[in-house]
Amino acid sequence: MLKVCKIVFLFLFCTHSAQRILPFDTLKLAETKEILVDDYGNVYLYKNKDFSFTKYDSLGQQKARLKLTLPFKIQSVQNPLNISSFSENAQELRFFDRNLNEIQTVDLRQNFGFIKLAFVEDLQQAWLVDESSKRIVQYNFRDNRQVGSYPFFEDLTNVVDFLVFNQKFYFLYPKQLKVFDMKGNTLDSYEVTKPRKLRRENNRILVINRCSVQMINGSLLTDLFRTENIQFVDKNSSSYFVIKDNNLYLYRPKEKDDKGLD
């Protein structure tokens, strides 16, 4: 076991360049409950204390700030021109531009019972988990039209995140990632530790945990990045960003993460 641990550590050390500390005020990072990074190197920090969502450039300069009245889960900043979010409390989807100005609100209460989870697929469609009717709805919010409906009876208590890709439903729980087909049959199950969210990169499904980033690789979860004793890790398409001791560090892989992986 010790030999295996040494090999894993050596692999991670060799495939990631030395960290570089980014010029961020430690006070900005101290109360952060979520970090997201887009492909332009902009860093987004969300704080539960005041429901604030703030955008910074790579030099730590504030570019925009949004203060919400209810908790919203920021879905993704992979498209920084159209940032999507969902509030279970408000039963709304909200979209923001690059300056965090609200550009659209979709009130889900008008057409659905109680939406527990939402995954915004693109600029037109979202997948909604309607807890009251026990179904997953494919919803075109541009046209206010339901495209499809799929029965789903899984326990939704403590679900961390939800994603749909390639006719599969991915549900992330505190200790488990479960994959279902469109009929609700379980296809795969993976053990996870301190998971935070799911991320799709082309054909890859990633699990962003508290201290690691993992990729679904067949019947296994493969470590792409792992380091201990940190507050958060996030990634964009080229780098990993780590908050540790209220400092922000940048790690750049020496090679593509997907080399040699199916």
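What follows is calculated from the coordinates using simple rules that are stated; it is not laboratory data. Keep in mind it's a predicted model, so treat the numbers as computed, not measured. Using ideal geometry, Cβ is built from the backbone for each residue, glycine included, and neighbour counts are taken over all protein chains shown.
Return, ordered by residue number, the residues of the stretch 191-229 whose backbone nitrogen is under 15 Å from a label point located 7 Å along Cα→Cβ of N185.
Under 15 Å, as judged by backbone N against the label point of N185, lies no residue of the stretch 191-229.
Short version: what are the Cα gyration tensor semi-axes of the stretch 2-251, square root of 5 times each eigenvalue, largest first, in whole Å?
In descending order the semi-axes read 30, 24, 14 Å.
With an 8 Å cut-off on Cα pairs and a minimum separation of 6 or more residues, tell me the relative contact order of the chain in percent.
Relative contact order, the chain: 15 percent.
What length, rounded to one decimal in nm, is gained on full extension from N202 through to D223, with 0.36 nm per residue of separation minus their alpha-carbon distance?
Computed gain between N202 and D223 is 5.8 nm.
For D107 and D245 in one chain, what is 0.36 nm times their gap in residues minus the Cα-Cα distance, to one decimal in nm?
Answer, rounded to one decimal: 45.7 nm.
Charges at C-beta only: +1 for Lys and Arg, -1 for Asp and Glu. How large is the resulting dipole of the stretch 56-136 about its Cα centre, in Debye rounded to 20?
Dipole of the stretch 56-136, to the nearest 20 debye: 200 debye.
Suppose every K and R has +1 on its Cβ and every D and E has -1 on its Cβ; what is the size of the dipole of the stretch 2-251 about the Cα centre, in Debye to the nearest 20?
My answer is approximately 400 debye.
With an 8 Å Cα cut-off and a minimum separation of 6 or more residues, compute the relative contact order for the stretch 116-262 in percent.
10
Gain in length, K63 to S237, computed as 0.36 nm per residue apart minus the alpha-carbon separation, to one decimal in nm?
60.5 nm
Report the label-to-label distance for R252 and N89 in nanometres (one decimal), using points 7 Å from each Cα along the Cα→Cβ vector.
4.0
Once the Cα gyration tensor of the stretch 143-218 is found, what semi-axes does its equivalent ellipsoid get, as square roots of 5 times the eigenvalues, in whole Å, sorted largest first?
Over the Cα atoms of the stretch 143-218, the semi-axes work out to 22, 14, 12 Å.
Going toward the positive end of the dipole of the stretch 2-251, with +1 on Lys and Arg Cβ and -1 on Asp and Glu Cβ, which of I205, V192, N48 do you reach last?
Working it through, the farthest residue towards the positive pole turns out to be V192.
Counting GluC sites (Glu not before Pro) as exposed when in a DSSP loop with at most 11 other beta carbons within 10 Å, what is the longest stretch of the chain free of them?
Result for the longest clean stretch: 1-227.
In the stretch 33-187, if the dipole is taken from +1 on Lys/Arg beta carbons and -1 on Asp/Glu beta carbons about the Cα centre, which of G113, L59, P80 is farthest to the positive end?
Result: L59.
Treating each Cα of the stretch 71-161 as an identical point scatterer and ignoring solvent, apply the Debye formula and state log10 I(q)/I(0) at q = 0.23 Å⁻¹.
Treating every Cα as an identical point scatterer, log10 I(q)/I(0) equals -1.22.
When the helices in the chain are scored as -39500 (n - 2.57) per DSSP H run of 4 or longer and the sum is shared across all residues, what 222 nm value do you end up with, to the nearest 500 deg cm²/dmol?
Calculated at 222 nm, the ellipticity per residue is -2000 deg cm²/dmol.
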